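Undergrad: Okay, here's the structure, questions in a sec.
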Amino acid sequence: MTARAQNNLVPFALGLGTLICAVLLAEILIRAGLVNRFIVPMPSQIAGAFHRVITEEDIPHRFLVTAREALWATLLLALVGIGIGVLLYRVKLLRDATETWVAAFASAPTVLMYPLFLVIFGRSEKTIIMMGFVAGLPAVILKTIEGLAGTRKVLVNVGRSFKLTEVQLFWKIYFPAAMPTIFVGMRLGMIFALINIVGVEFLINFGGLGQLINDLAERYDLPGTYAAICFVILVSVIFFFLTDRLEKWLRPAA
Amino acid sequence: MAETGRLTAPAAPLFAPVTLLRAAIIAAVLVIWELVAASGLLFRDVVPSLSVIGRALAELLMDKTYYWHLGVTAGEIGIAMLIGGLAGLVVGILLGSNKLLSRAYEAYLYYLGPTPKIIFFPVMIMWFGVGPGSKVAMGTISCFFPVALSAAAGMRQINPVLIRVGKSFRASTWQMVTKIYLPAMRLPILNGVRLGLGVAIIGTLLAETKLSNRGIGFLIINAYSTFNMPRMYALLIVLFMLSIGVNALVGRLGGVDAVKK
């Protein structure tokens, strides 16, 4: 084993070891009666509930429902968010007038508008998709502007020396140059969208994985609730890990 | 909530094109809103007229019980920030000051940070009950991650010379933290607090909308349940203004430091 691999293995083993120890400690404390098992189920029970939740609660279908909502929100974010970002970049006056508003909107707790969206769109997938879309929109707009504004002048000058039209200049110079930053915005937007989608599913008890947690909690199926929460965390972590890798691949210098 | 950065552009003159365009956009939105409200295209009361919303806003601001609910929510968020922020700060300093700990545990924080925290609410109800405790817990776990990650990053950015100076004076751990680490990482910590505050507000209020009989979240969901749309709009307007204002205030604190620097 090389020194570098060894260097990486120690922190990994420490992190994983701590996690395993914490799980074992919880199991012992609950079995010993020091922690109430009607409040915190044993980790072994949670592990046992995984199979039941996956088969009986139709997790694959619920996962697909949430994935479909996230996909629609992402498509809307790409179309509307990048579109508005490009518009604001091209029309400087409009950008100067509204960029601070977009930034302020980004810090507003938009997810709390879900009762309003419930009234407008009803208790349906549309509400969930729109909540995801609204949450991710400011990040995509701001990063699109940042990416386009950061295009190197020399690239633009090369395009102009080739007498490219404005449209050609945009598609051949500006957009490819801004792509990595736009992807950062899309990634942030997708993260906000996914958080809101699962959150609103849970709150309005409708849809995929979020609703499953609410359902199981209302049935007081504690091992099932914990297992479903672990499953959602797992899905989130895999999603963030993959988009993180993709972003690093797109921006090798970052 | 997104990290938006600070916008330090000077205020535009009264009749500058930007100001005029902003006024025109606001006027256009208000006119379109009023037209939609009057047209009857949407369900009655879904888009109430501006005068109705204005009246609801005035009633809300003159309602004493509203301030009581606001106080409850502010208290929950304040306690959550205190617990989650302090815990995040301690964990961040520990991770930032020790390479092994950072490499062992920081990835867990990094990937757990963006997961939707509201899914923990059933667990928090089990642990802390249906009262304010579970809302405080939701706010706490929401704000812990951004503060911890910012503090860890800030700790790594401290000029090593400052740390060497502290050690050469044989400063104790407490003195190192209070005299070197914290002053040197003020900006990243403020940034983390700003992000943490935003998510703590969301976590606490969402929990209140799900299960509570007090707080602003409860008022919002109560307005929805009784289909009192003007009141719901009024509540959302006030809430957004407060959130953006508090966020800007914390950001301004960081801004003052940046200018001094």
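The values are calculated or read from the model by the stated rules, or taken from the named source; none is laboratory data. Everything numeric in this text was worked out from a predicted model, so none of it was measured. Reconstructed Cβ throughout: ideal geometry from the backbone, glycine too, with neighbour counts over all protein chains shown.
Undergrad: Provide a single number: the residues in the range B:181-227 that are within 12 Å of chain A (Cβ to nearest Cβ), outside any helix (DSSP H, G or I) and surrounded by fewer than 23 Cβ atoms within 10 Å (Cβ to Cβ).
TA: Applying the first criterion (within 12 Å of chain A (Cβ to nearest Cβ)) to the range B:181-227 yields B:194-195, B:197-211, B:215-227.
Subsequent filtering for residues that are outside any helix (DSSP H, G or I) retains B:211, B:215, B:226-227.
Next, from what is left, pick out any that are surrounded by fewer than 23 Cβ atoms within 10 Å (Cβ to Cβ): B:211, B:226-227.
Summing the residues that are within 12 Å of chain A (Cβ to nearest Cβ), outside any helix (DSSP H, G or I) and surrounded by fewer than 23 Cβ atoms within 10 Å (Cβ to Cβ) in the range B:181-227 gives 3.
Undergrad: Just checking, how many residues over the range A:69-86 are crowded, with 16+ Cβ neighbours inside 10 Å and free of Cβ contacts under 8 Å to residues at least 40 places away in the same chain?
TA: So the answer is 0.
Undergrad: Tell me which residues, restricted to the range B:97-119, are crowded, with 23+ Cβ neighbours inside 10 Å and part of a helix (DSSP H, G or I).
TA: Residues satisfying the conditions are B:Lys117, B:Ile118, B:Ile119.
Undergrad: Within the range A:21-40, which residues are more than 10 Å from chain B (Cβ to nearest Cβ) and either of a type outside the set (A, V, I, L, M, F, W, C) or loosely packed, with under 11 Cβ neighbours inside 10 Å (or both)?
TA: Let us first name the residues in the range A:21-40 that are more than 10 Å from chain B (Cβ to nearest Cβ), namely A:21-35, A:37.
Across the range A:21-40, the qualifying residues are A:Cys21, A:Glu27, A:Arg31, A:Ala32, A:Gly33, A:Leu34, A:Arg37.
Undergrad: Picking from A:Gly81, A:Gly48, which residue would you name as being farther than 30 Å from B:Arg194 by Cα and assigned by TED's automatic domain parsing to the domain that holds A:Phe239?
TA: Values: A:Gly81 fails: farther than 30 Å from B:Arg194 by Cα.
None of the other options fit; the residue is A:Gly48.
Undergrad: Working only within the range B:35-46, note down all residues that are without any contact (Cβ under 8 Å) to a residue 60 or more places away in the chain and surrounded by 13 or more Cβ atoms within 10 Å (Cβ to Cβ).
TA: Here is the first cut: in the range B:35-46, the ones without any contact (Cβ under 8 Å) to a residue 60 or more places away in the chain are B:35-44.
Those that are without any contact (Cβ under 8 Å) to a residue 60 or more places away in the chain and surrounded by 13 or more Cβ atoms within 10 Å (Cβ to Cβ): B:Val36, B:Ala37.
Undergrad: How about the range A:201-215: which of its residues are more than 8 Å from chain B (Cβ to nearest Cβ), touching an Asp or Glu at 6+ places or on another chain (Cβ under 9 Å) and not polar (S, T, N, Q)?
TA: Going residue by residue through the range A:201-215, those that are more than 8 Å from chain B (Cβ to nearest Cβ) are A:201, A:204-209, A:211-212, A:215.
Those still in the list that are touching an Asp or Glu at 6+ places or on another chain (Cβ under 9 Å) too: A:201, A:205-209, A:211-212, A:215.
Hits for the range A:201-215 are A:Glu201, A:Phe206, A:Gly207, A:Gly208, A:Leu209, A:Leu212, A:Asp215.
Undergrad: Do you know which residues across the range B:78-96 are surrounded by fewer than 18 Cβ atoms within 10 Å (Cβ to Cβ) and over 15 Å from B:Thr140 (Cβ atoms)?
TA: B:Leu94
Undergrad: I'd like to check something: does the range B:208-222 contain any residue that is polar (S, T, N, Q) and under 20 Å from A:Phe192 (Cβ atoms)?
TA: Within the range B:208-222, the first condition is being polar (S, T, N, Q), and the residues that meet it are B:209, B:212-213, B:222.
With the extra rule that they be under 20 Å from A:Phe192 (Cβ atoms), the set shrinks to B:209.
Yes, the conditions are met somewhere in the range B:208-222.
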